[in-house]
1. If you check I198 against the conditions, is it closer than 30 Å to S268 by Cβ and among the aliphatic types (A, V, I, L, M)?
2. Mind checking which residues of the stretch 346-367 are closer than 23 Å to K147 by Cα and touching a Ser or Thr at 6+ places or on another chain (Cβ under 6 Å)?
3. With the requirement that a residue be open to solvent by less than 70 Å² (accessible area, probe 1.4 Å), modelled with pLDDT of 75 or more and either out of contact with any strand residue (DSSP E or B) (no Cβ under 7 Å at 6 or more places or on another chain) or among the polar types (S, T, N, Q) (or both), what does the stretch 556-581 give you?
4. Need the failing condition index for L137 against (1) assigned to a loop (DSSP other than H, G, I, E, B); (2) at pLDDT below 85, just the number.
5. In the stretch 401-433, which residue that is touching a helix residue (DSSP H, G or I) at 6+ places or on another chain (Cβ under 9 Å) and without any contact (Cβ under 8 Å) to a residue 24 or more places away in the chain is nearest to L490 (Cα to Cα)?
6. Output the residue which, of all residues in the stretch 323-347 that are in contact with a helix residue (DSSP H, G or I) (Cβ under 9 Å, 6 or more places away or on another chain) and not in a strand (DSSP E or B), is surrounded by the fewest Cβ atoms within 10 Å (Cβ to Cβ).
7. Do any strands (runs of 3 or more DSSP E) entirely within the stretch 483-601 hold 1 or more residues that are touching a Ser or Thr at 6+ places or on another chain (Cβ under 6 Å), and if so, which?
8. What about R251, is it of a type in the set (K, R), within 46 Å of the chain's Cα centre (by Cα) and open to solvent by less than 50 Å² (accessible area, probe 1.4 Å)?
Amino acid sequence: MNVFSRLFLFAIVMFCANNLLAQSAADLKKMQEMQMSTSDLSNFSADKLSDAEIRKYMEQAESSGYTEEQIEIGLLSRGIPQAEVDKLKIRMAKLNSGRAIGGNTSLDRTRVSSTQSEGASTLAGISLNKLGSNADLEKQMRVFGYKLFNSEVLTFETNLNVPTPKDYTLGPEDEIIIDIWGASEMTYQEIISPDGNIYIPNLGPIYLNGLSIERATERIIERLSKIYSGLKPYNEQSANTYAQVSLGQLRTIKIHVIGEAMRPGSYSISSLATVAHALYLSGGPSFAGSMRDIEIIRNNEIFTSIDVYGFLINGSLKNNVTLQDGDILRIKPYINRVEILGEVKREGIYETKEGESFEKLLSYAGGFTENAYTEILKVRRNFGGEKQFIDLKKENFATTPTANGDEVTVQGILQRYTNRVQIKGAVFREGEFQLVDGLTVKSLIELAEGLRGDAFMERGQIYRTNKDFSYSIISFNLRNILKGTEDDVLLQREDLVEISSIYDLNDERYVLINGEIKKSGTYPYFENMTVEDLIIRAGGLRASASGSMVEVARRVQNSDEKQTNQTAEIFNFSIDKSLELNEFDSKFSLQPYDQVFIRRSPGYEPQLIIKIEGEVIYPGLYSLKKKNERISDIIQRAGGLTSDGYPEGATLIRRSEFNPPKTNEQLRLENLSALLKSVEKKKSENNYIVESEAEILQQKRLQNVEDELTEYNANEDAGIGREGIRMKKERLNDLAKRDSIRMNSSSMQYETIGINLEEILKKPGSKYDLILQEGDILSIPRQLQTVRMRGEFLYPVTVRYDEGLNFRKYISKAGGFSEDARRKKSYVLYANGSVDRTKSFLFWKNYPQIDAGAEVIVPKKPEKKPLSAQAWIALSTSVATLALVVQQLVN
């Protein structure tokens with residue numbers, strides 16, 4: 001291999017390596033940005049987290065399958081304060097709703113402030129993937145009462161806007177307010193000092209620590225009477241001075257929550273706070289904590305205990321005492337937990353005390369549901385080193401104690417009936433009936449209010465379920481049973497009696513009518529139905545049926561073998577000019593499945609409207625006199641061109657496939673709709689007072705026109721009845737998709753056709769003179785004197801037309817081509833709608849002629865996309881391979 005080849009291969013390898021290293025570095029940076037470090041939560045504070053960090057945690061939680069509720073439980077179980085968890089939830093909710101917020105978000109929810117001491121749990125190095133498995137979190141949620149102390153609305157907070165309880169015990173930092181009125185007026189606001197005293201001028205200290213508010217009031221008034229003699233007068237004198245003692249700002253006490261709490265620690269709370277509020281602040285018992293025996297320890301002794309189930313079950317918080325400074329709440333581990341599932345009102349995991357029975361457990365679960373099987377409980381119990389299954393009968397519910405780990409299932413009743421029979425079909429009351437002794441088919445029919453007129457009398461069936469759950473059918477002659485000539489059938493449990501309808505045993509009978517009728521469609525067949533009956537049912541004949549014919553196509557049945565190629569039998573009837581059949585034809589009886597076609601009169605043609613606008617003597621709408629009327633004929637009827645007319649710019653505008661001409665029926669309905677609006681407008685005018693009977697009847701006939709027009713337009717949009725146009729649309733759309741043609745149906749309602757009006761006027765009836773169609777618009781402009789430059793020019797502009805200038809001169813007037821110009825694809829759009837482009841042969845170019853009113857259009861070059869790194873690598877690899885092949889061939 002020579003030096004050049006080696007250098008070339010080295011360059012290729014270095015290029016590939018640099019691209020790969022750049023890609024790897026980008027991926028590594030992205031991974032570092034997406035990674036969520038657990039150190040972010042070492043000193044958890046929701047206010048310190050940015051929106052981006054919270055979004056990352058939310059994305060990680062979502063990818064791990066955690067719900068918001070599970071995240072909250074996991075954070076609380078790690079010792080995060082409830083207040084911080086609430087802040088985090090609020091910010092997550094706002095981020096989900098699209099409103100970004102910064103840090104320092106204030107918590108809307110008001111709560112007595114709580115602070116945790118050093119003994120409380122803190123969040124250190126926690127990440128969302130350490131919250132526990134989904135199964136553990138779901139099990140926690142099933143524990144009865146677990147959510148009680150984590151509710152945002154149930155705080156057990158003491159109401160401070162109530163009179164001070166008489167048994168309230170005073171202590172340091174309580175504020176005492178003393179109001180004196182009468183002969184003397186004075187107000188004292190004193191705070192009890194740490195040594196238990198308040199200080200009133202001229203009296204000295206008054207010791208109040210440990211006294212109830214009632215006892216403290218007596219002591220204060222006793223001492224005040226020494227300087228306010230009117231408080232306690234002597235010698236039977238009446239009092240002229242009065243005093244009232246009340247509490248102002250309450251002191252804060254410190255209590256401790258220990259044991260199996262969600263957030264054990266020390267809490268500063270109001271001196272009026274109760275045990276329930278302290279439990280709320282600490283998050284209540286953890287998953288391992290007991291709700292049945294929460295102890296309040298005061299002065300190193302168990303003061304009382306609280307059973308949360310009393311509140312959950314009966315709404316009673318017995319022993320929910322007011323806490324004192326230094327009280328300890330101890331939450332012990334649970335002793336027994338029993339899970340109950342199935343047909344009870346509250347499924348879940350319940351904590352039971354020693355000796356509590358299954359009857360008590362059922363009361364905790366709210367009792368049985370209406371579908372419960374109440375005779376037996378299915379119990380799975382831990383027994384030594386294995387499981388034990390117990391069928392606990394109803395009489396033992398009250399005497400059998402529960403055990404830790406019991407799993408109780410309450411089964412539902414069977415979906416089985418002991419005394420049911422059913423009847424369906426041609427009876428007046430189908431459904432289920434009670435099976436009584438001696439119930440027979442005849443008596444069941446009587447219970448079902450008897451047979452309908454369409455009942456098939458020759459045969460009925462009983463579907464019977466046998467003892468081995470197999471099925472059998474018992475047939476009977478319904479007519480004979482009702483007459484008594486055949487033995488009646490005795491019914492059994494779960495029998496289903498079916499009485500067929502004669503219409504169930506035959507195809508539904510119908511007839512069809514189409515063509516020049518007001519309401520084409522399918523109609524039910526009736527006995528003795530005639531052609532005239534069907535025409536009246538379909539709304540009558542249209543005017544277009546005058547002088548035409550009716551054709552009836554009938555199914556061929558039992559045809560001779562010699563005529564096996566015959567598919568239908570045809571009957572024809574004439575329609576006279578008064579839109580009536582003769583007496584014999586109108587009585588022609590139809591048969592089921594007949595198809596009736598009302599043909600259009602050969603001489604009937606609706607008016608076809610076109611429009612001529614611009615420089616003619618009489619512009620406006622014109623109705624075509626004949627089917628092959630041409631452009632020259634219409635211009636002649638319009639009085640010819642004006643002196644300012646510019647025939648070279650004349651354009652014919654025609655509806656496209658996406659906007660086909662309106663059908664006769666559509667025109668008829670639109671005209672009737674316009675008539676209805678005219679009648680309604682006339683009726684609403686102030687000077688219109690009296691309606692004639694003919695006008696009232698006319699308005700009633702027109703009431704349904706709007707609905708008919710809406711339905712017709714909907715069918716028209718779907719292509720119903722105009723399959724040829726619909727298929728052409730579909731072919732155009734398929735062609736556009738296949739060849740990447742830009743085709744917008746909303747902007748392609750009309751298309752322009754380039755015409756040569758000068759030749760048309762010179763040679764009427766020639767190939768240039770096109771035949772007009774309904775909806776055509778012939779536009780003849782005024783004399784045009786400009787040329788418009790559009791597209792990729794340096795300065796697109798409209799310039800004055802000069803007959804002596806060619807294509808290149810006009811390009812120069814617009815400053816020349818821009819850098820993005822696709823010069824070879826330049827073309828000219830003439831005023832009449834025709835187009836011409838630049839043609840080239842070898843080195844010669846033939847530029848199109850420029851006429852007045854023309855537009856010179858230069859398209860833009862397509863954008864070139866740069867090669868990606870992968871494409872460069874592939875290209876380099878191919879070149880290197882090619883170089884090696886060449887090298888081998890040379891060698």
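1. Values: closer than 30 Å to S268 by Cβ: yes; among the aliphatic types (A, V, I, L, M): yes.
Yes: the conditions hold for I198.
2. From the stretch 346-367, those closer than 23 Å to K147 by Cα are 346-353, 360-367; that's our starting set.
The answer is T352, L361.
3. D576
4. Only one criterion in (1) assigned to a loop (DSSP other than H, G, I, E, B); (2) at pLDDT below 85 is unmet by L137, namely (1).
5. It comes out as F433.
6. Let us first name the residues in the stretch 323-347 that are in contact with a helix residue (DSSP H, G or I) (Cβ under 9 Å, 6 or more places away or on another chain), namely 323, 327, 329, 331, 338-340, 344, 346-347.
Among the residues that remain, those that are also not in a strand (DSSP E or B) are: 323, 327, 346-347.
Values: L323: 26, D327: 21, R346: 13, E347: 16.
Among those that are in contact with a helix residue (DSSP H, G or I) (Cβ under 9 Å, 6 or more places away or on another chain) and not in a strand (DSSP E or B), it is R346.
7. Working: elements: 496-499, 510-515, 521-524, 549-555, 568-574, 595-598.
Filter on the stretch 483-601 gives 510-515, 549-555.
8. Values: of a type in the set (K, R): yes; within 46 Å of the chain's Cα centre (by Cα): no; open to solvent by less than 50 Å² (accessible area, probe 1.4 Å): yes.
Judged against the criteria, R251 is not a match.
The values are calculated or read from the model by the stated rules, or taken from the named source; none is laboratory data. Owing to the predicted nature of the structure, the values given are computational and were not obtained by experimental measurement. Positions of Cβ are backbone-derived with ideal geometry, glycine not excepted, and every protein chain shown enters the neighbour counts. To get the accessible areas, we keep the full protein, side chains included, count just its heavy atoms, and leave off ligands, DNA and RNA. Shrake-Rupley method; radii C 1.70, N 1.55, O 1.52, S 1.80 Å.
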